[in-house]
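The values are calculated or read from the model by the stated rules, or taken from the named source; none is laboratory data. What you see is a predicted model; the values in this text were computed from it and never measured. Don't worry about glycine lacking a Cβ; one is built from the backbone with ideal geometry, like all the others, and counts go over all protein chains shown. Note: accessible area is taken over every heavy atom of the protein model, side chains too, but ligands, DNA and RNA are not part of it. Shrake-Rupley method; radii C 1.70, N 1.55, O 1.52, S 1.80 Å.
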Amino acid sequence: MTTADRALPDVDALAEPVERVGRGWTAALSLANGAIWVGWYGPLQILLASQAKDFAPGSGMSKETMLAWVTGAGAAVSLVANPFFGALSDRTTARRGRRTPWIVAGTAGGAVSLLLLAAAGGPWTMALGWCLVQLTLNAAFAAVTAAVPDRVPRPQRGSVGGWLGAAQILGVVGGTGLTTAAGGIGAGYAACAVFTVAGVLPYVLGHRDLRLPVAARPPWSWRGFLAGFRLSPRRHPDLGWAWLTRFLINLSNALVLLYLLYYLRDRVHYHDPDQGVLVLTAVNGVTLLATVVVGGVWSDRVGRRKPFVIWSGVLMAVATAALSAWQTWPGAIVAAAVLGVGFGVFTSVDFALMTDVLPKALDRGKDLGVVNVANALPQVAAPALAAPIVTYLGGYRVLYLVAALIGIAGAGLVGRIRGVD
């Protein structure tokens, strides 16, 4: 337990943090974050698709349609659950703190939900199980995310955000590898459940949380609670512009990834599109990991956020435009590498920027939950935007050009944020 942890009972939970967190705290929180992503992406990458393949015959749906409906239902639950549980953690006055009870409950619920999903006997129980996984793990994720502005001083948030981003990427890769190595659907879900719980324990057991005094909690009413989710851009313009920036750049990235397999097959004419997607994902992941921590640390050292977000967005837009103009396999590799560099810097520094513009300490969890909607919503909007462009408005060349313009717009809007350098 660190010196900062031992001093927590004397710390105001709503004060701006000033004492730097140690490497142990950062490592434990990053491991917890990565473990939650293992619980999500083991199913998303491998297990849900395998179940859809088993359940599709006789259901009247193709395996692709069934998988789309199940993951879409889970995404809808995620959009609501993250800000909802973030807001509940803001108001929690438990002895263990504001965030830890929700990390524990969400992780335990997620593990049980993964095991229930393993026992699904058809598409409806499969959909129910996945929605429960999204509901519970989002409770834990909202609390983990909110712990950063609770405990980390502003000059350190870029580096902490970088380590959280690296853990997120490794969680995606680890979840995929874990389920593959497990050798079956039931074993894969069990492995994800065990790893998720084990990964969260070091943070829960080794680090104390800030406790909110009962007197500091606002009076409860459903009307006031629900009204708090409406963030007025007029009252909080910096948060509004930051949210829109994140939404647009994530939408641009989602448009790039959505039809990548078809792009390699139909435009690049790569001999093995499935293998091509794997190679591009690996190249992108390596350059992303190489920059996600470095970008955050660099931002902390120079004390600035906006230039990093702006130029990472511009770099990603240039790479996306290259997919439009340079439709070859070498062009795709270069674009994947450059996109990884840009998105790595964006991931860490934009997270720090978001925590810097949060309006009130009392609502950190809820506000970050609303911010996280800007990560999930592009996954819903991208197919609706991409399908008519590819089908009727010029194909992949126009699609990637539109994606580049969206990314440039997102980067440009960072300049409207006035509250940070």
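Can you tell me which residue among Ala352, Ala403 is within 16 Å of Tyr259 (Cα to Cα), among the aliphatic types (A, V, I, L, M) and buried (at least 24 other Cβ atoms within 10 Å of the Cβ)? Reasoning before the result, please.
On the way: Ala352 fails: within 16 Å of Tyr259 (Cα to Cα).
When all the criteria are applied, what remains is Ala403.
All but one of (1) within 24 Å of the chain's Cα centre (by Cα); (2) assigned to a helix (DSSP H, G or I) hold for Val21; which doesn't?
The number of the failed condition is (2).
Say we look at segment 213-242 and pick out the residues that are of a type in the set (Gly, Ala, Ser) and at pLDDT 70 or above; which of these is least open to solvent (accessible area, probe 1.4 Å)? Outline the logic, then answer.
Narrowing segment 213-242 to residues of a type in the set (Gly, Ala, Ser): 215-216, 221, 224, 227-228, 232, 240, 242.
Remaining after also requiring at pLDDT 70 or above: 215-216, 240, 242.
On the way: Ala215: 104, Ala216: 35, Gly240: 27, Ala242: 0 Å².
Among those residues, the one meeting the criterion is Ala242.
If Val80 satisfies all but one of (1) touching a helix residue (DSSP H, G or I) at 6+ places or on another chain (Cβ under 7 Å); (2) open to solvent by 20 Å² or more (accessible area, probe 1.4 Å); (3) among the aliphatic types (A, V, I, L, M), what's the number of the condition it fails?
Condition (1) is where Val80 drops out.
When you check Gly109 against the structure, is it part of a helix (DSSP H, G or I), surrounded by fewer than 19 Cβ atoms within 10 Å (Cβ to Cβ) and out of contact with any helix residue (DSSP H, G or I) (no Cβ under 6 Å at 6 or more places or on another chain), yes or no? Give the steps one after another, and end with the answer.
Working: part of a helix (DSSP H, G or I): yes; surrounded by fewer than 19 Cβ atoms within 10 Å (Cβ to Cβ): yes; out of contact with any helix residue (DSSP H, G or I) (no Cβ under 6 Å at 6 or more places or on another chain): no.
No, not satisfied.
Restricting to segment 54-68, count the residues that are open to solvent by 40 Å² or more (accessible area, probe 1.4 Å) and at pLDDT below 85.
Within segment 54-68, residues that are open to solvent by 40 Å² or more (accessible area, probe 1.4 Å) and at pLDDT below 85 number 10.
Which residue pairs have Cβ atoms closer than 6 Å, lie 6 or more positions apart in sequence or on different chains, and pair a first residue in segment 253-266 that is of a type outside the set (Lys, Arg) and modelled with pLDDT of 80 or more with a second residue that is assigned to a helix (DSSP H, G or I) and open to solvent by 30 Å² or more (accessible area, probe 1.4 Å)?
Taking only residues 6 or more apart or on different chains, the pairs are Ala254/Gln379.
Out of Val318, Val338, Val292, Val314, I need the residue that is in contact (Cβ under 8 Å) with a residue 24 or more places away in the chain and out of contact with any Gly (no Cβ under 9 Å at 6 or more places or on another chain). Which one?
Numbers: Val318 fails: out of contact with any Gly (no Cβ under 9 Å at 6 or more places or on another chain); Val292 fails: out of contact with any Gly (no Cβ under 9 Å at 6 or more places or on another chain); Val314 fails: out of contact with any Gly (no Cβ under 9 Å at 6 or more places or on another chain).
Selected residue: Val338, the only one of Val318, Val338, Val292, Val314 that is in contact (Cβ under 8 Å) with a residue 24 or more places away in the chain and out of contact with any Gly (no Cβ under 9 Å at 6 or more places or on another chain).
So is Arg98 surrounded by 21 or more Cβ atoms within 10 Å (Cβ to Cβ), at pLDDT below 90 and closer than 16 Å to Lys366 by Cα or not? Don't jump to the end; show me each part of the working.
On the way: surrounded by 21 or more Cβ atoms within 10 Å (Cβ to Cβ): yes; at pLDDT below 90: yes; closer than 16 Å to Lys366 by Cα: yes.
So Arg98 passes the test.
So which of Thr180, Thr176, Thr196 is touching a residue at least 40 places away in the same chain (Cβ under 8 Å), more than 19 Å from Asp367 (Cβ to Cβ) and surrounded by 24 or more Cβ atoms within 10 Å (Cβ to Cβ)? Outline the logic, then answer.
Details: Thr180 fails: surrounded by 24 or more Cβ atoms within 10 Å (Cβ to Cβ); Thr176 fails: surrounded by 24 or more Cβ atoms within 10 Å (Cβ to Cβ).
None of the other options fit; the residue is Thr196.
It is to be established whether one or more residues within segment 279-297 are more than 20 Å from the chain's Cα centre (by Cα), surrounded by fewer than 24 Cβ atoms within 10 Å (Cβ to Cβ) and of a type in the set (S, T, N, Q).
no
Is it the case that Ala4 is modelled with pLDDT of 90 or more, within 17 Å of Thr100 (Cβ to Cβ) and either open to solvent by 10 Å² or more (accessible area, probe 1.4 Å) or under 22 Å from the mean Cα position of the chain (by Cα) (or both)? So that I can check it myself, show each step before the final result.
Values: modelled with pLDDT of 90 or more: no; within 17 Å of Thr100 (Cβ to Cβ): yes; either open to solvent by 10 Å² or more (accessible area, probe 1.4 Å) or under 22 Å from the mean Cα position of the chain (by Cα) (or both): yes.
Against the criterion (modelled with pLDDT of 90 or more, within 17 Å of Thr100 (Cβ to Cβ) and either open to solvent by 10 Å² or more (accessible area, probe 1.4 Å) or under 22 Å from the mean Cα position of the chain (by Cα) (or both)), Ala4 does not qualify.
Take segment 31-53 and flag every residue that is among the polar types (S, T, N, Q), within 20 Å of the chain's Cα centre (by Cα) and surrounded by fewer than 24 Cβ atoms within 10 Å (Cβ to Cβ).
Initial filter on segment 31-53 (among the polar types (S, T, N, Q)): 33, 45, 50-51.
So of that shortlist, the ones also within 20 Å of the chain's Cα centre (by Cα) come out as 33, 45.
Matches in segment 31-53: Gln45 only.
Which condition number in (1) open to solvent by 10 Å² or more (accessible area, probe 1.4 Å); (2) part of a helix (DSSP H, G or I) is the one that Ala120 fails?
(2)
Could you list, in sequence order, the residues of segment 240-258 that are within 16 Å of the chain's Cα centre (by Cα) and small (Gly, Ala, Ser)?
Ala242, Ser252, Ala254, listed by residue number.
Go through (1) over 30 Å from Arg91 (Cα atoms); (2) in a helix (DSSP H, G or I); (3) touching a residue at least 12 places away in the same chain (Cβ under 8 Å) for Pro388 and report which single condition fails.
Among (1) over 30 Å from Arg91 (Cα atoms); (2) in a helix (DSSP H, G or I); (3) touching a residue at least 12 places away in the same chain (Cβ under 8 Å), the lone unmet condition for Pro388 is (3).
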